[in-house]
Amino acid sequence: MNESARGWGLIKLVTFLVYLFMFAPIIVVLILSFNASQFGGFPMTGFSLHWYGELMQNESVVRAFKTSLWIGIVTALVCTTIGTMAALALVRYEFPGKHWVNALIVGPVLVPETVLGVGLLLANRAAGMKANFGLLLLGHILLSLPYVVLVVQARLIGVKRVYEEAALSLGANRLQAFREITMPLIMPAVLAGLLLAFTISFDNVSASVFWRPPGVETMPTEILGMLKVSISPQINALGALMIVITVGLPLLGGALARLTIRRQTKA
Amino acid sequence: MTNAVELRNITLAYGSFVAVENVSLSIEKGTFLTLLGPSGCGKTTILRSIAGLVNPTAGDIEIAGRRVNDVPIHKRNIGLVFQNYALFPHKTIFDNIGFGLKYRNVPKPAIAAKVKRALEIVRLPGVEKKLPSELSGGQQQRIALARAIVIEPDVLLLDEPLSALDANLRDEMRVELKQIQRQTGITTIFVTHDQGEALAMSDRVVVMNRGRIEQMGSPFDVYEHPQTEFVAGFLGNANFLQATVVAMQGEAVQVRLAGGANLLVGGGHARPVKPGDAVKVVVRAEKVVVTPECTVPIMARIVDVDYLGALARYEVELAGGQRLRALSSLHEKARSLGETVGVGIDPEHCRIL
């Protein structure tokens, strides 16, 4: 074996190990969620959908799931609307303090979530309010907004202004030009932003623990709560569902976006 | 008759930078007018201000007799063609061309007929269902043109529409663009930095430099009778000779070159002159004749030869050390380096600036 072949062998091995390290936990959860055993670990004693059934019966889990779904959907819609408008303002218009706004809008991405969680909670206290559902929702919007802005902004820079100018010169007013030209062209990014915002909200745990009012659980805080009591095999089933949603959605979004772009620029 | 476009004392400044300074221009209906100049001379800014994409700091713009300073772009009825086509990538060719008609309340059947007619004019029938990315660059530019003329604009504005095409295609499109313009009779303003395009296509050429108009006139006028050194230098291959006016001979002017030789200037002068004035004489390289005979009054020595096949480009040095470029078509062997030759300049083809 010559040296370069040995080098390649090593690279392949390392690559395999890295991927194994990244995906093994996820695969384990997926496999174990179908385990018939009483205990949430190996060995497998048979294939069963029993724990999924149990999960559907578990009222607090279903309630938490609904809560997370609601918050995720509202967060996604609000963030996409505001985020797209913000991106338009930042890319297409000049206004005083633009650089500051641009820098500050990504702030929540850079600040650790826990700090942000405590901060928002304290601010809320200072304003004389208790933790409530609105606060939780507001927090999630705060967390997800920068991602939408960044994604849409990046696409908007790629959509040259000349398309809008052409539409205007042909007699469309600004609103019509936006609806007919700009919006369809940035649609892939807007959709990606929508899914991203939903996923970020649906996944979030560290900030949610600070913001949720007593008695309200989101999906991740519910799992955290369950883990404190015992490691029930239900958690594996729940984990598997979470993985499917939070990994599947962005993948789906990405595929949709690529499809739209390919259709627009078909060679 | 009102002019198609009228600019009155247009000034356009970005902070302290003045892009266009006090430009006035009247464009008759049906004219093909070219704004020609180096990049940054303000030609595109003028085009964009007529389109309504930028607002002049001062001055009035009229389109078809209507003052449009405060009219937004989408109500101006202009056709705009961009350097990079700017076809809507997500719309079919039909929807691209029909886009402007949709906002003019044209009924659907009429839109289809007009789109079909526009595609015939640009000689690309039958591509309605394709997407812009399925067409070549030249075809895309034709579609962009069709999209702009189908709305029957008061004025067609072309912003360097040929510069993204490769050389052969550019020549072809140049001819075609001119034909389409003649056929439709749409007043056209064409922006370019390419003097060849400007001379070949235009009814009128406006030469611009540093935000001002240097000269306007027919292509023949601006080429043969440049008013300023900039115009003479920008168009074609010009020689500038230092000389002193010796005597006036009717329309013509007798001058003495720095090297002592006399030259008769019959091409006119940009400003009044009198004997004793120091002047600059401009003569185009292709009008300088290099001959072996020593019968002509000006003698020179060849200091550089570029053999170009059909042509030769000489650089010759006159007695006083002034150098001249000459471009001659070759009927025989090219002259060689160091040879002493006579330089003939027809009085008609030199001009005092």
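The values are calculated or read from the model by the stated rules, or taken from the named source; none is laboratory data. Bear in mind the structure is a predicted one, so any value in this text is a computation, not a measurement. When we count neighbours, we look across all protein chains shown, and the Cβ atoms used for this are built from the backbone with ideal geometry, even at glycine.
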* Based on what the data block shows, is B:L169 assigned by TED's automatic domain parsing to the domain that holds B:T11, surrounded by fewer than 19 Cβ atoms within 10 Å (Cβ to Cβ) and more than 15 Å from A:E165 (Cβ to Cβ)? -> yes
* **The listed residue being under 24 Å from B:T45 (Cβ atoms), surrounded by fewer than 23 Cβ atoms within 10 Å (Cβ to Cβ) and not assigned by TED's automatic domain parsing to the domain that holds B:V316, out of B:R212, B:R182** => B:R212
* Please work out if A:P233 is away from chain B (no Cβ under 14 Å), in contact (Cβ under 8 Å) with a residue 40 or more places away in the chain and touching a strand residue (DSSP E or B) at 6+ places or on another chain (Cβ under 7 Å). => yes
* Structure fact -> Within the range B:69-126, the count of residues that are within 14 Å of chain A (Cβ to nearest Cβ) and within 21 Å of B:R170 (Cα to Cα) comes to 10
* Go through the residues of the range B:54-67 one by one and say whether even a single one is in the same structural domain as B:K178 (by TED's automatic domain parsing), within 21 Å of B:Q183 (Cβ to Cβ) and in a loop (DSSP other than H, G, I, E, B). => yes
* For the range B:247-323, please list each of the strands (runs of 3 or more DSSP E) lying entirely inside it that holds at least 3 residues being closer than 23 Å to B:T340 by Cβ and more than 33 Å from the chain's Cα centre (by Cα). => B:298-307
* Asked: Going through the range B:212-227 one residue at a time, which ones are modelled with pLDDT under 90 and assigned to a loop (DSSP other than H, G, I, E, B)?
  -> B:H225, B:P226, B:Q227
* To do: Name the residue, out of B:I143, B:I151, that is within 12 Å of chain A (Cβ to nearest Cβ), surrounded by 20 or more Cβ atoms within 10 Å (Cβ to Cβ), of a type outside the set (G, A, S) and not in a helix (DSSP H, G or I).
  => B:I151
* Test result for B:G267, crowded, with 18+ Cβ neighbours inside 10 Å, closer than 29 Å to B:T192 by Cβ and either without any contact (Cβ under 8 Å) to a residue 24 or more places away in the chain or among the small types (G, A, S) (or both) -> yes
* **Checklist (1) surrounded by 20 or more Cβ atoms within 10 Å (Cβ to Cβ); (2) in contact with a His (Cβ under 9 Å, 6 or more places away or on another chain) applied to B:P161, failing item** => (2)
* Give me a count of the residues in the range A:21-70 that are surrounded by 15 or more Cβ atoms within 10 Å (Cβ to Cβ) and outside any helix (DSSP H, G or I). => 7
* Is it the case that B:Q183 is more than 20 Å from the chain's Cα centre (by Cα), part of a helix (DSSP H, G or I) and closer than 19 Å to A:A167 by Cα? -> no
* Which one of B:F190, B:F220 is surrounded by 23 or more Cβ atoms within 10 Å (Cβ to Cβ) and farther than 21 Å from B:F99 by Cα? -> B:F190
* Using the structure shown, decide if A:I181 is crowded, with 21+ Cβ neighbours inside 10 Å, among the aliphatic types (A, V, I, L, M) and within 14 Å of chain B (Cβ to nearest Cβ). => yes
* Asked: Which of the residues that make up the range A:195-219 are part of a loop (DSSP other than H, G, I, E, B) and surrounded by fewer than 23 Cβ atoms within 10 Å (Cβ to Cβ)?
  -> A:V205, A:S206, A:R212, A:P213, A:P214, A:G215, A:V216, A:E217
* Structure fact -> Exactly one of A:G119, A:G83 is part of a helix (DSSP H, G or I), of a type in the set (G, A, S), free of Cβ contacts under 8 Å to residues at least 60 places away in the same chain and surrounded by 13 or more Cβ atoms within 10 Å (Cβ to Cβ), and that residue is A:G119
* **Failed condition for B:F32, given (1) buried (at least 17 other Cβ atoms within 10 Å of the Cβ); (2) over 26 Å from B:R142 (Cβ atoms); (3) more than 13 Å from chain A (Cβ to nearest Cβ)** => (2)
* Asked: Given the structure, is B:R210 on the phi > 0 side of the Ramachandran plot and either under 16 Å from the mean Cα position of the chain (by Cα) or not small (G, A, S) (or both)?
  -> yes
* Asked: If you check A:Q176, A:Q153, which single one turns out to be in a helix (DSSP H, G or I), modelled with pLDDT of 85 or more, within 14 Å of chain B (Cβ to nearest Cβ) and over 14 Å from the mean Cα position of the chain (by Cα)?
  -> A:Q176
